[in-house]
1. Pick out which of TYR163, TYR221, TYR129 has the largest mean-square fluctuation in a Gaussian network model of the chain, springs linking Cα atoms closer than 10 Å.
2. Averaged over every viewing direction, what's the projected area of the C-alpha convex hull for the chain? Give it in nm², one decimal, please.
3. What is the helix-to-structure angle for 324-333, meaning the angle in degrees between its Cα long axis and the longest Cα principal axis of the chain, kept from 0 to 90 and rounded to the nearest 10?
4. Size of the range 197-330 along its principal axes in angstrom, Cα-based, largest extent first?
5. Taking the 0 to 90 degree range and rounding to the nearest ten, how far is the long axis of helix 158-167 tilted relative to the main principal axis of the chain, both from C-alpha atoms?
6. By how many nm would the segment from GLU276 to THR318 lengthen if fully extended, with 0.36 nm per residue of separation less the alpha-carbon distance?
7. Would you compute, from DSSP H runs of 4+ residues alone, the mean residue ellipticity of the chain at 222 nm, taking -39500 (n - 2.57) per run and dividing by the full residue count, rounded to the nearest 500?
8. Mind checking which of ALA218, ALA329, ALA14 has the largest fluctuation in a GNM of the chain, springs on alpha carbons under 10 Å?
Amino acid sequence: MAATKTAAAPMKVAQIPKPGADFEIVEREIPKPDARQVRIKVQACGVCHSDVFTKEGQWPGIQFPRVPGHEVVGIIDELGANVSAWKMGQRVGVGWHGGQDNTCLSCRRGDFRNCRNLKIPGISYDGGYQEYMVAPVEALAAIPESLGSTEAAPLLCAGITTYNALRHSGALPGDLVAVQGIGGLGHLGIQFASKFGYKVAAIGRGSENAALAKKLGASLYIDSQSTNAAEELQKLGGAQVILATAPNSKAMSALIDGLGPNGKLMVIGAAFDPIEVTPVQLITGSRTIQGWAAGTPADSEDTLRFAELSGVRPMIETYPLEKAAEAYARMLSGNAQFRVVLTM
Ligand SMILES: [Zn+2]
Ligand SMILES: [Zn+2]
């Protein structure tokens, strides 16, 4: 907040006043962008499970009050003095990657995704649960014309994470790829995996999502409640990749034996308890376990362009900004079909 000057008119903001507190809707002055920032008139902001870090104050060093939100789409309505690559009126998105420092060893190697001082919107600075936000140019992704703002928003975290994890997983067209969990991440993961040309096995608990999973592009559905999913995958020769989207470490552990030779468990569902695996499980068949986090704004643009080309779209439920608390509760309940998006 310190460096931003303010204009006269007020705006509405959904903020968390202190760790663990409820949302409050307050008025603030509209912020002015610094030299290398733009101001965005926000149109839509997705509600992500990682907003829990902000709501509960779980991220090291987070300061309050804080406005969550890292799936932001809006229109640039003011440019900082040194911004030349972006235009007034341009529609842009801001995802998990909220800016790198350009000086750490990862950045010097060009690996901005793993910047040691990565800034995250809604954690390091105020995010998209507000009518206007300022963001550094390093955080901006251009939004293709044909994508609506509410459907583009979830692609900036849930979308990029599944798309980027899959395209870096090593799986090739025709390979058996399993997607564990049919939720906010999983329903996008199934679509991307199918459009990448994989044979997709969707893995869910119970049978209620079987028809939907097939509609999204899965070749087959495995009910992990009524069958042993790892055995089912082995009957098909074993999975080349299992994209683990549901933040459930027990469920992930149970799938490792479903990997084929050189298979990889790609972990994107952020849980805090340990995945259990024996060395022998990994040695047999040279299996690996890898984690993956989102990506850069350039990766976001790849995701959006691919979604535009292929027809991959999130399924969403929208809430007005004033109902941020309700929207957040809906996301946490796990009952949303499948991403919750705030509109301004
Ligand atoms: Zn997220
Ligand atoms: Zn860095």
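The values are calculated or read from the model by the stated rules, or taken from the named source; none is laboratory data. Owing to the predicted nature of the structure, the values given are computational and were not obtained by experimental measurement. Using ideal geometry, Cβ is built from the backbone for each residue, glycine included, and neighbour counts are taken over all protein chains shown. With ligands, DNA and RNA removed, areas are computed over all heavy atoms of the protein, side chains included. Shrake-Rupley method; radii C 1.70, N 1.55, O 1.52, S 1.80 Å.
1. Its mean-square fluctuation being the largest, the pick is TYR221.
2. On the way: hull surface 68.0 nm².
Value for the chain: 17.0 nm².
3. Taking the Cα atoms of the chain, the angle to 324-333 is about 10 degrees.
4. So the three principal-axis extents are 52, 36, 32 Å.
5. The angle comes out near 50 degrees.
6. Details: separation 42, 0.36 × 42 = 15.12 nm, distance 3.72 nm.
Extending this stretch completely gives an extra 11.4 nm.
7. Working: 11 runs with 81 residues, N = 344.
When only DSSP H runs of four or more count, the value is -6000 deg cm²/dmol.
8. Comparing ALA218, ALA329, ALA14 in a Gaussian network model of the chain, the most mobile one is ALA329.
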